[in-house]
Structures are given as C-alpha cells and as structure tokens.
Amino acid sequence: MRELKLDVYSLYPDMRSSGPYDYAILVDELDVGPFSCESYGARVTSRSTGDQAEIPHITVSATRIDQLMELLVRNQVGPIHLGDVVEDWL
C-alpha cells in the first residue's frame, strides 16, 4: 500500500489554517476476479494526539477520492468522524 500525503496549504491556499489534522490518500491494489485495479482509501491523523483512522478500498475512481478528500479537508474531519463521513458520502 502506498500513501499520498496531501499538502493542504498548496491545495487550498484560501484556507487560513490547515487544521489540526493530516490527510492522506491510500493507494492499494484490489483483486477483482482475474483482474487487479488500483483502489483508493483515506487516512486522517491528529497532529496533537497521533490518533488516526483509515479506510482502505473506498473507491477505484481517482476523481471520486479527490472529491472525498476535498470534503474531508474543507470540513476538517477528524479521525473519530472519518467512518461516519465516508458512510454518508457513499
């Protein structure tokens, strides 16, 4: 599994604060019968406590994981709420 950390300051220059969390896209392979494809997940880590939550294999669409990560960053979703937000988003 690979991890792509988001540089919140570069992606969202209009945000005054990047918030107390770090966000990353998880990239893994998912076997679907005889085929394999890339799948994407999300990880949120609290800078102050080190608590983290991750959900692998949320989608196989790069566009959809970008939309989800934008939602997480814009709303400063923490590790404790990641599962609820992803469940509602799906």
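Annotations for the structure displayed:
- Of all residues in segment 38-47, those that are in contact (Cβ under 8 Å) with a residue 40 or more places away in the chain and of a type outside the set (Lys, Arg) total 1.
- Which listed residue, of Val44, Val73, Val77, is of a type in the set (Val, Ile, Thr), part of a helix (DSSP H, G or I) and either over 14 Å from Arg2 (Cα atoms) or touching a Ser or Thr at 6+ places or on another chain (Cβ under 7 Å) (or both): Val73
- Candidate set from segment 53-70 (those that are in a helix (DSSP H, G or I) and surrounded by 17 or more Cβ atoms within 10 Å (Cβ to Cβ)); member that is nearest to the chain's Cα centre (by Cα): Met69
- Residue under evaluation Gly50, criteria (1) closer than 14 Å to Met1 by Cβ; (2) without any contact (Cβ under 8 Å) to a residue 24 or more places away in the chain; (3) surrounded by fewer than 16 Cβ atoms within 10 Å (Cβ to Cβ), criterion not met: (1)
- Whichever residue in segment 71-90 is touching a helix residue (DSSP H, G or I) at 6+ places or on another chain (Cβ under 8 Å) and free of Cβ contacts under 8 Å to residues at least 60 places away in the same chain and, among such residues, is farthest from Tyr21 (Cα to Cα): Trp89
- Extreme residue, nearest to Asp7 (Cα to Cα), among residues of segment 18-41 that are modelled with pLDDT of 90 or more and of a type in the set (Val, Ile, Thr): Ile25
- Residue check: Asp14 meets all listed conditions (1) in a loop (DSSP other than H, G, I, E, B); (2) at pLDDT 95 or above; (3) of a type in the set (D, E, K, R) but one, namely (2).
The values are calculated or read from the model by the stated rules, or taken from the named source; none is laboratory data. Nothing here was measured: the structure is a model prediction, and the numbers come from that model. Here Cβ is always computed from backbone atoms with ideal geometry, including for glycine, and neighbour counts include all displayed protein chains.
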